[in-house]
1. Going by the conditions given, is residue 149 modelled with pLDDT under 95 and either on the phi > 0 side of the Ramachandran plot or not in a loop (DSSP other than H, G, I, E, B) (or both)?
2. So residue 252 clears everything in (1) more than 27 Å from residue 27 (Cβ to Cβ); (2) part of a helix (DSSP H, G or I); (3) free of Cβ contacts under 8 Å to residues at least 40 places away in the same chain except one condition, right? Which one?
3. With the structure loaded, tell me whether residue 260 is surrounded by 19 or more Cβ atoms within 10 Å (Cβ to Cβ) and under 29 Å from residue 150 (Cβ atoms) or whether it fails that test.
4. Among the residues of the stretch 74-86, write down those that are assigned to a helix (DSSP H, G or I) and surrounded by fewer than 18 Cβ atoms within 10 Å (Cβ to Cβ).
5. Among the numbered criteria (1) without any contact (Cβ under 8 Å) to a residue 60 or more places away in the chain; (2) in contact with a strand residue (DSSP E or B) (Cβ under 8 Å, 6 or more places away or on another chain); (3) within 24 Å of residue 171 (Cβ to Cβ), which one does residue 208 miss?
6. In the stretch 167-194, what residues are free of Cβ contacts under 8 Å to residues at least 60 places away in the same chain, outside any helix (DSSP H, G or I) and either in contact with a helix residue (DSSP H, G or I) (Cβ under 6 Å, 6 or more places away or on another chain) or surrounded by fewer than 18 Cβ atoms within 10 Å (Cβ to Cβ) (or both)?
7. How many residues does the stretch 196-215 contain that are under 11 Å from residue 265 (Cα atoms) and surrounded by fewer than 23 Cβ atoms within 10 Å (Cβ to Cβ)?
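The values are calculated or read from the model by the stated rules, or taken from the named source; none is laboratory data. Keep in mind that this is a model prediction, so the values were computed, not measured. Note that each Cβ is placed from the backbone with ideal geometry, even for glycine, and that neighbours are counted across all protein chains shown.
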């Protein structure tokens, strides 16, 4: 079974609460990653609506950022030998209204500023295209190609996406996952975006557990066909509970890791700091870390 070797970082607090960490907590977190085999951190979105992890001049109307988290994350990644993938900006407006050109224009300006500020940093190893989709909808092909193309034009680094399957846990009317439609849609997306998308890590939490083995194989076959590296986003929070979102049951996490390891090249998670860290504000998250460490025979302080 592969270990988790990458994690998203969610500090925009879109739908999970802030833990109010400062540099000391983040420093301990990044030091932990280097000890337990996490070599990649991914900023899931650098901006959302009127929030941003730094005080971007390219996006009007932002709330005060306070701390430049982008700089802090890059500093800590470099200190601990980690690779950082920089997330793009989700307006929370144009994208949901299917106004993809406006979304792309916002991101082009934003990416220009990101590269001007941080483009020479050694830890910057990739881009994360943050607009999530379950298939061919909302001009996603145009959006990926335009935003990802601009990223690569300014700083030619791998582009990662982490879309979601249209499974029954998120879409309650879906009784059985339609793997044929999924394969058709993503075959088209991969084909038309293969010059831009380098890595795809599908989320695994929307589907029922018994559907995951066939899903992982189908995704790996698509990746092989189109020259796209397949990772898996092992969600470390629980969609089975009636609340959003507690840490996952460690037995289900282990099951998902075992299933994904059959086909994925790398396991990443959303999201270690909140749901698996020994510093997590969830006690069950701290316990999940203990069970994970036991599973992988990790020596931790």
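1. no
2. It fails just one condition, (3).
3. Against the criterion (surrounded by 19 or more Cβ atoms within 10 Å (Cβ to Cβ) and under 29 Å from residue 150 (Cβ atoms)), residue 260 does not qualify.
4. Passing the criteria: 75, 78, 79.
5. Against the list (1) without any contact (Cβ under 8 Å) to a residue 60 or more places away in the chain; (2) in contact with a strand residue (DSSP E or B) (Cβ under 8 Å, 6 or more places away or on another chain); (3) within 24 Å of residue 171 (Cβ to Cβ), residue 208 comes up short only on (2).
6. If the condition is that a residue be free of Cβ contacts under 8 Å to residues at least 60 places away in the same chain, outside any helix (DSSP H, G or I) and either in contact with a helix residue (DSSP H, G or I) (Cβ under 6 Å, 6 or more places away or on another chain) or surrounded by fewer than 18 Cβ atoms within 10 Å (Cβ to Cβ) (or both), then 168, 171, 172, 173, 174, 175, 176, 177, 178, 194 are the ones that fit.
7. 1
Residues are listed down the side, and each one gets a yes or a no for (1) crowded, with 17+ Cβ neighbours inside 10 Å; (2) farther than 30 Å from residue 263 by Cβ; (3) touching a strand residue (DSSP E or B) at 6+ places or on another chain (Cβ under 7 Å); (4) free of Cβ contacts under 8 Å to residues at least 60 places away in the same chain:
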| site | (1), (2), (3), (4) |
| --- | --- |
| 1 | no, no, no, no |
| 21 | yes, yes, no, no |
| 24 | no, yes, no, yes |
| 44 | yes, no, yes, no |
| 55 | no, yes, no, yes |
| 72 | yes, yes, no, yes |
